[in-house]
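Some notes on the structure that comes next.
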Amino acid sequence: MVTAAILAAGLAVSLCIYKKSWFLKLHAHNVLGICYETVRRCKGQQEEYSVPENVKKANADKPLGLRSYINDTQNVHPKVLYFSDRFGGHKFWMSYTPFPWYIDRYENPSIAFSDDGYNWTNIDGNPIDDPKGNGYDSDAHLVYRADLCHLECWYRHVGKYAEPPVEEVLHRRISKDGVHWSEDELIYGNYSGEYAMLLSPAILWDGVKYLVWKVNRENDFRIECWTCTQEKVMEKIGEFDLTFEIDGDQTRYKPWHLDVIKDEDRYVMLVMCKEEKGSGPRRWDLFLTTSEDNVIYSKPELVLHGRQNGWDNNIYRASIVNVEGEYRIYYSALNAIGKHGMGITKSDHLSDFIGA
């Protein structure tokens with residue numbers, strides 16, 4: 001099993017080298033990472049985990065076929081918004097980032113639209129930002145301002161790899177139609193040299209200010225909530241000491257990627273977590289928690305578990321949206337050799353999701 005997986009990883013890497021002659025030189029760390037992950041995960045393939053019965057049907061049979069601006073379906077980090085009365089002529093809008101074989105130079109914010117949430121079309125002009133220099137973009141997130149009738153795409157940029165200290169910056173672009181986007185605006189900069197303090201920001205506009213949830217690696221991977229004014233002044237207002245585990249299982253997790261929505265009078269938070277430690281492959285799973293006041297959150301419940309030998313062997317960043325009473329989770333994931341993709345699972349309540 002391990003040998004077969006190594007050969008598969010080698011084939012994937014060879015294809016990348018063939019398609020991009022500079023791949024091995026510039027992305028040796030990606031190649032080694034794919035091979036390492038393959039061996040580590042396959043060694044633990046026979047290890048069985050206790051997964052609740054109501055979670056076993058949540059995985060999508062296959063990933064979405066959306067092709068990015070590099071004509072590849074390895075896309076991650078979806079954020080989906082639904083408009084019953086349409087925005088820009090369409091009911092669904094999504095931001096995402098291509099991430100083929102972990103190559104971060106392609107991880108640039110991209111936009112797509114749909115009328116059913118299953119069949120997607122890219123806008124002309126993707127990506128809406130491309131740093132083209134020393135660094136990369138990531139973690140795109142869509143925000144709707146009903147008061148201004150426009151979309152905002154926030155995204156994280158990590159720069160100055162070759163000239164430390166490394167910079168970690170939040171940018172924003174604005175669109176009135178989803179197709180034409182403004183020049184980028186600097187929202188917040190972290191110039192401490194520690195570049196994992198703004199992981200996977202989830203943003204909402206509450207009518208007065210922005211609420212920004214993020215994971216801070218330098219704070220033991222705690223989830224923090226900040227406010228951001230229209231004048232781009234950010235202030236921390238709280239953090240959440242949540243425990244992520246599966247009932248009857250001693251596995252413990254650390255938060256990694258987030259999404260948060262306001263669903264009527266409650267906040268709904270999705271948290272993709274990485275296993276803190278383990279003897280076998282480290283699990284990447286998706287949990288859901290809710291709050292009435294954004295202060296006290298419910299016990300996080302597992303809603304999506306990586307499927308062994310599937311296209312979604314490990315779960316990555318996910319987005320949740322309420323579509324006329326049907327909750328859809330658009331999630332990204334990767335298989336055992338590091339090939340990424342996005343899928344959909346849905347439910348008429350906030351548990352017992354079924355893969356679409």
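Laboratory data are not the source of any read-out in this text; all were calculated from the coordinates shown. Quantities reported herein were computed from a predicted structural model and do not represent experimental measurements. A quick note on method: Cβ atoms are made from the backbone with ideal geometry, for glycine too, and the neighbour counts reach across all protein chains shown.
Here is the list for segment 256-329: GluC sites (Glu not before Pro) lying in DSSP coil, each with at most 11 other C-beta atoms within 10 angstrom of its C-beta, are GLU264, GLU292, GLU324. Setting aside same-chain residues fewer than 8 positions from LYS79, which aspartates and glutamates have a Cα under 16 Å from its Cα? Leaving aside aspartates and glutamates fewer than 8 places away in the same chain, those within reach of LYS79 are GLU107, ASP115, ASP116, ASP137, ASP139, GLU152, ASP259, ASP263.
In units of the compact-protein estimate 2.2 N^0.38 Å, segment 80-126 shows a Cα radius of gyration of 1.27. Modelled this way, with points 7 Å down the Cα-to-C-beta line, the labels at GLU183 and ASP104 are 2.7 nm from one another.
Excluding TYR136 itself, what net charge comes from residues whose Cβ is under 12 Å from its Cβ, given Lys and Arg +1 and Asp and Glu -1?
It works out to a net charge of -4.
Each Lys and Arg contributes +1 and each Asp and Glu -1, all at the Cβ; summed about the Cα centre of segment 62-215, the dipole is approximately 300 debye. Projecting the Cα atoms of TRP311, PRO52, VAL323 onto the dipole axis of segment 52-355, where Lys and Arg carry +1 and Asp and Glu carry -1 at the beta carbon, places TRP311 farthest toward the positive end.
For the residue pairs LYS132/LYS160; LYS160/LYS339; LYS160/LYS274; LYS160/LYS254; LYS232/LYS262; LYS209/LYS232, the C-alpha atoms sit more than 19 angstrom apart in LYS160/LYS339; LYS160/LYS274; LYS160/LYS254; LYS232/LYS262.
How would you classify segment 52-355 from its alpha-carbon gyration tensor, with a ≥ b ≥ c the square roots of the eigenvalues: rounded for a/c under 1.5, else prolate if a/b is greater than b/c, otherwise oblate? Rounded, since a/c falls under 1.5. Net charge in the neighbourhood of ILE237 (other residues with Cβ under 13 Å of its Cβ; Lys, Arg +1, Asp, Glu -1) is -2.
For ALA58, the residues whose modelled amide H falls within less than 5 Å of its own, excluding neighbours fewer than 5 places apart on the same chain, are GLY355.
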